[in-house]
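Comments concern the structure below.
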Amino acid sequence: MVAALESGRLDDAALDLVELGCNHEQQHQELLLMDIKHLFSTHAFGPVYVDREPDVPGEVAPMGWREFAGGVHEVGAVGSGFAYDNEGPRHRVYLEDFAVSDRLVTNADWLEFMADDGYRRHEFWLSDGWGTVNQTGWHAPGYWREEDGGWTTFTLSGRRPVVPDEPVTHVSFYEADAYARWAGARLPTEFEWEVAAGTLGDARGRLLDPGRCHPGRAGSAMVGDVWEWTASAYLPYPGFVPANGAVGEYNGKFMSDQHVLRGASAVTPAGHERITYRNFFPAASRWVFSGLRLAR
Ligand SMILES: [Fe+2]
C-alpha cells in the first residue's frame, strides 16, 4: 500500500477505496476496544487496559431543553469530504416543532429510574424490551454491579465506582426507550438529532483519548462521549443505491432490525465523527458505548 500510494499512480477510484478502507479500519479500532472491554470484564481479575487516575465526581447539571422549529429541513451528507454511502443522498424531511435535552442522560438520572423500579414496571417498556428484560434479568446498565451498597461499573481501567455526572453508558435501545417514557419524554428521531446537532457546529465531547477510553462528564456537545440511541429504524435514505461489487455490501445489506445511533463515543477515533454519521446496532445491544438524550 505504501508503495502504491507513493507511486502517485492510483486513480481516483482506487484512492476512494483507500479512503473507505481507512475509515473502515477506524470503525474496527472502536470495535476492538468494545471487545477488549467485554472480554476483560469476564476475567476473574478484571484486568486494566489503560491505567488512569481515580475519577473525581462533580455536580450533575440540571437538564434543560433546546427548542427547534419544525418545517422542511435538509439532512444527509453534503458531498464534500468523506461520508459513508448510508449518509446520502442528502434530502428533505418534514419535522414538527421539537426539543432535545441539552445534555446526555447521566448515571445519576439512571439511578433515579432504577430506584423508581424502572426495570420492573412493564408500563415503560416496549413489548420486545419487556421480553428481553425478563429473559436476561437486566436490572442495571451493562457492566454495572452492586457492591457494598454502591454501584460499580467495569471500565477499560478496571472496575470502578459509578460516577454520577458521567453519561449512562452500555444501555440498549430498549432501556433507553423505557427510560425516556419513564421521564415523560421520548428518544429523538435521527433527523431531529441531526438538525439539532447542526446548530451546535463543531462542538465535540470526548472522543478517543488512548489514555482514558472512557466518557467524561456529560457536557453540552452533542457529538462525543457516548453514541446516542435514536427512535429511528436503520433504513435507506430516499434514492439510496448500494454500489456495485464488494463495496456495495458495506452498509445497505444491514438495513433491517437495527436502530440508528448518532454522535460518537469516547472510543471513536477523533476525526472519524460527523453529524451526518449513522451508526446502527440491534435494539438489545449493550456492548456499544451507547447512551441517550431525550426529546419531546
Ligand atoms: Fe470489517
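Taken together, the values in this text are just the output of simple stated rules run on the coordinates, not laboratory data. Bear in mind that the values here come from a model prediction, so they are computed numbers and not experimental data. So basically every Cβ, Gly included, is an ideal-geometry build from the backbone, and we count neighbours across all protein chains shown.
Checked against (1) of a type in the set (Lys, Arg); (2) more than 14 Å from the chain's Cα centre (by Cα); (3) crowded, with 18+ Cβ neighbours inside 10 Å, Arg160 passes all but condition (3).
Does Val72 satisfy the condition of being more than 16 Å from the ligand (Cβ to nearest atom) and surrounded by 12 or more Cβ atoms within 10 Å (Cβ to Cβ)? No; evaluated as a whole, the condition is false for this residue.
Against the numbered list (1) over 30 Å from Asp97 (Cα atoms); (2) touching a residue at least 12 places away in the same chain (Cβ under 8 Å), Asp117 comes up short only at (2).
Among residues of segment 195-218 that are more than 30 Å from Leu95 (Cβ to Cβ), those with a Cβ under 8 angstrom from a residue that is among the aromatic types (Phe, Trp, Tyr) and surrounded by fewer than 22 Cβ atoms within 10 Å (Cβ to Cβ), sequence gap 6+ or separate chain, pair up as Cys213/Tyr49.
Residue pairs whose Cβ atoms lie under 7 Å apart, separated by 6 or more positions or on different chains, with the first residue in segment 75-103 and under 17 Å from Val223 (Cα atoms) and the second of a type in the set (S, T, N, Q), are Gly76/Thr276; Ala77/Thr276; Ala83/Thr276; Glu87/Thr276; Asp102/Ser220; Arg103/Ser220. When Tyr84 is tested against (1) over 30 Å from Asp12 (Cα atoms); (2) under 21 Å from the mean Cα position of the chain (by Cα); (3) among the aromatic types (Phe, Trp, Tyr); (4) surrounded by 15 or more Cβ atoms within 10 Å (Cβ to Cβ), just one condition goes unmet, and that condition is (1).
Filtering Leu235, Leu292, Leu261 for residues that are more than 21 Å from Arg159 (Cα to Cα) and either in contact with a His (Cβ under 6 Å, 6 or more places away or on another chain) or in contact (Cβ under 8 Å) with a residue 60 or more places away in the chain (or both) leaves a single hit, Leu292. Within segment 48-74, being touching a residue at least 40 places away in the same chain (Cβ under 8 Å) and among the charged types (D, E, K, R) holds for Asp51, Arg52, Asp55, Glu59, Arg66.
All of (1) surrounded by fewer than 22 Cβ atoms within 10 Å (Cβ to Cβ); (2) assigned to a loop (DSSP other than H, G, I, E, B); (3) on the phi < 0 side of the Ramachandran plot hold for Gly184 with one exception: (3).
Which residue is nearest to Thr268 (Cα to Cα), if the candidates are limited to segment 4-30 and must be more than 16 Å from the ligand (Cβ to nearest atom) and not hydrophobic (A, V, I, L, M, F, W, C)? Here the residue is Asp16.
Among the residues of segment 126-142, are any assigned to a loop (DSSP other than H, G, I, E, B), within 23 Å of the chain's Cα centre (by Cα) and of a type in the set (Ser, Thr, Tyr)? No: zero hits. Look at segment 15-33: where a residue is in contact (Cβ under 8 Å) with a residue 12 or more places away in the chain and closer than 21 Å to Phe154 by Cα and a partner is away from the ligand (no atom under 11 Å from the Cβ) and hydroxyl-bearing (Ser, Thr, Tyr), sitting 6+ places away or on another chain with Cβ atoms under 9 Å, you get Gln29/Thr268; Glu30/Ser265; Glu30/Thr268; Leu33/Tyr49.
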